[in-house]
Every structure is written in structure tokens, then in C-alpha cells.
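Written below as C-alpha cells is the structure these notes are about.
The values are calculated or read from the model by the stated rules, or taken from the named source; none is laboratory data. Bear in mind the structure is a predicted one, so any value in this text is a computation, not a measurement. Here the Cβ positions follow ideal geometry from the backbone for every residue, glycine too, while neighbour counts run over all protein chains shown.
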Amino acid sequence: MKLLKNPILKKIGHILICLSGFLSVGNSFAQDIHFSQFFEAPLLRNPALAGIFSGDLRFQAVYRTQWNSVTVPYQTVSLNGEYKLPVGNADDFLTMGAQVLYDKAGTVNLTSTHVLPVINYHKSLRSDRNMYLSMGMMAGLVQRRFDRSRATTNNQYDGTGYNPGLPDGETFTNTNYSYFDGSVGMSFNSQVGPNEDNNIFIGLGYHHFNKSQKVSFYGAANELDAKWVGSVGVRFSVNEYGFFTLQGDYSKQGPYTETIGGALYTWKLDDMIDPKYKLHAGAFLRWKDAFIPVVKVEAHPLAIAVSYDINVSTLKTASQGRGGMEVSLTYQKFIERNGRTLESVRCPTF
């Protein structure tokens, strides 16, 4: 496609820029969807991070909107749920769950929907405290589509103006396609010393291991680049009233890389041993892209977090520093089985 150069059609040209970028996934390698609150979408980081929390049940939702100041905003929703079961008479356990991802972008409503069940096995390495080696797998169906009726191209310029009655000149095989996608990963999680507030984890995830061949609206056999994600986290107590949590990810997908990391400080607002109310505040940096302040309020079993991307990339002139807003909601708790809580079953805590 070529851009419309007539100044009268500046708006149409802008739409075309967006369309060209969105549809390029049909003929080139594309980066995966990402969140600034990556710590609230753990299954997208690594399926072996499923179940790395204090509790038996967790549901998380993240909503992101981006680039309102530049173009038609992207809208992305992540939903994930995890349920933990003890295995045998040891401290091993199994996490089962699912990741659902919905993303809509641009004037043509380029939409992606992912439904990905996950399973993760946690092997206990110590009998006296939390220390686990986990291996997980996530696999399911991805569907992509767009609204061709909203697309505009230079073929529809008749010399004097935009004419929607003219054909767009594109030869799409279809406007939607589906493919199978899979990820695997490993993680190590350990309590450090007797204080349960002190923990570490490291993990490595490998996404798109099956390298699906049909990722194009033109029917071409394009290969989706595999992605490696390395994750690390450290939580340490400062005093009896609070602790720091540091987390970071490094991702590589084809020629693209992304580094994000930062810290949250947590204040315990009531009980010092088992607080119900907590306040978390801090910031993260997506390298060469965005500075991300975060505030999170927790009233167990619920927590809500709000973050905002302050754009620091080369796009900051056009965006005026305005990137994207994210809001997340988490529900997390122990549940009763056979009249008892599973607090007696040790869980990785982070």
C-alpha cells in the first residue's frame, strides 16, 4: 500500500498508516502483546509461574488502553485463573488454570483472542521451608480477525477525493484465521531464611514452541517467531511494617527485545503477621519506552492496582509523553476442602 499524499485526505492517510502497521503481522514477524503490570499477568510471562502465590485460588484481570493521544486506542484485556491441588502425602502440588487474552487495535478493529489452558507441577525441594522447582505448559487456540469494511487504501482515491465505492485493491484470502499456540517453562521459588516475607524466584519461559505456520490474512505460510522470557523477582523485609518487591523480565522474540523492571514498597496497614490491608507503591521502567508509576491497594482477598505509562521513547513528541493506562483486579485466597483450609499445605509465596 502507498500513503495518500493529498493534504485534503490527511485523516485517511493517518488511518492508512495504522492499517499498514496492523496488517503487517500477515507478512512479517510481530511482537506479542505485553502489559506494564506484567506481574499481574504471570501466565503470559511463563506458565511455570502459575501457582506462585500464597493461597489456593486466584483470579486476575488486567485492562489496558494505549495511544489515545496518537491514534485509535489499543484495548487489551487479560483474564487468568489458577487453582492449586496437593499431590500425594508430600508437599508437592499441581496448579491448573487458564489464560484468556483479548486485544483490539486500530481503525480496522484488528482483534486477537487467545484461550490457553495451563498446567504446572511444583516439586518440593525442602521439608523445612518453601523451596520449589516448577515445570509448566500452556497451550490452546488463538483467533485473529479484522473489519475489512473499515479499511481505506490509495486505490479508493479517484483523483479528487476518497471514493468508498472503489475497490480497495487488496487480495485477502479471508479476514480471520485461527491457529494452535503453545508455551512451556520452568521456575525456581524459595523462601530465604525464617522470615516468610523474604523470597526469591527465577524463571525461563519458551513461547510459540510449535511455530504455527498460518499467521497471515493473505494465506501465506508465515512462521511465528518463538519468544524467550527470563524472569526474576526478590522480596525482602525492611522492618515488621513493610517490605520491598523487585521484579523484572527480559524478552526476546526474533529481532525484538524488551526489558522491564522495577520495585514496589508494601506497607502493612493492620496486623503485622497476617495483614488484611496493604498499600503498595512504586515504579517500573520499560527500557527506552516508558516510565510506569504504580499504586496498588489490597483488602484481602481483593486487590486493585493502577498504573500509567509515561512515554519516553522517540514517539514522545507525537504522544506528548502520554502512553497507556492499566487497571488490574486480583482475587486470591485459601479455600476449605473437607472441612479444613489448605493453609496446612505449604505454598510458594511471592
- Query: Residue check: is Tyr121 without any contact (Cβ under 8 Å) to a residue 40 or more places away in the chain, surrounded by fewer than 19 Cβ atoms within 10 Å (Cβ to Cβ), in a strand (DSSP E or B) and hydroxyl-bearing (Ser, Thr, Tyr)?
  - Reply: yes
- Task: Determine, yes or no, whether Ile304 is among the β-branched types (Val, Ile, Thr), in contact with an Asp or Glu (Cβ under 6 Å, 6 or more places away or on another chain), at pLDDT 95 or above and assigned to a strand (DSSP E or B).
- Result: no
- Inter-residue pairs, beta-carbon under 8 Å, first touching a residue at least 24 places away in the same chain (Cβ under 8 Å) and over 23 Å from Gly140 (Cβ atoms) and in the range 84-112, second among the aromatic types (Phe, Trp, Tyr) and part of a strand (DSSP E or B), 6+ apart: Pro86/Phe93; Val87/Phe93; Val87/Tyr121; Asp92/Tyr121; Gly106/Tyr74
- Query: How many residues are in contact (Cβ under 8 Å) with a residue 60 or more places away in the chain and in contact with a strand residue (DSSP E or B) (Cβ under 9 Å, 6 or more places away or on another chain) when one looks only at the range 161-195?
  - Reply: 9
- Do we have any residue at all in the range 190-198 that's buried (at least 17 other Cβ atoms within 10 Å of the Cβ), modelled with pLDDT under 90 and assigned to a helix (DSSP H, G or I)? no
- Task: Within the range 317-326, identify whether any single residue is at pLDDT 95 or above and farther than 30 Å from Asp128 by Cβ, and answer yes or no.
- Result: yes
- What's the number of the condition Asn311 fails, among (1) within 22 Å of the chain's Cα centre (by Cα); (2) at pLDDT 95 or above? (2)
- Considering only residues that are touching a His at 6+ places or on another chain (Cβ under 9 Å) and either assigned to a strand (DSSP E or B) or small (Gly, Ala, Ser) (or both), look in the range 204-234 and name the one that is modelled with the lowest pLDDT. Ala226
- For the range 131-145, indicate whether the set of residues that are charged (D, E, K, R), surrounded by 16 or more Cβ atoms within 10 Å (Cβ to Cβ) and under 30 Å from Ser187 (Cβ atoms) is non-empty. yes
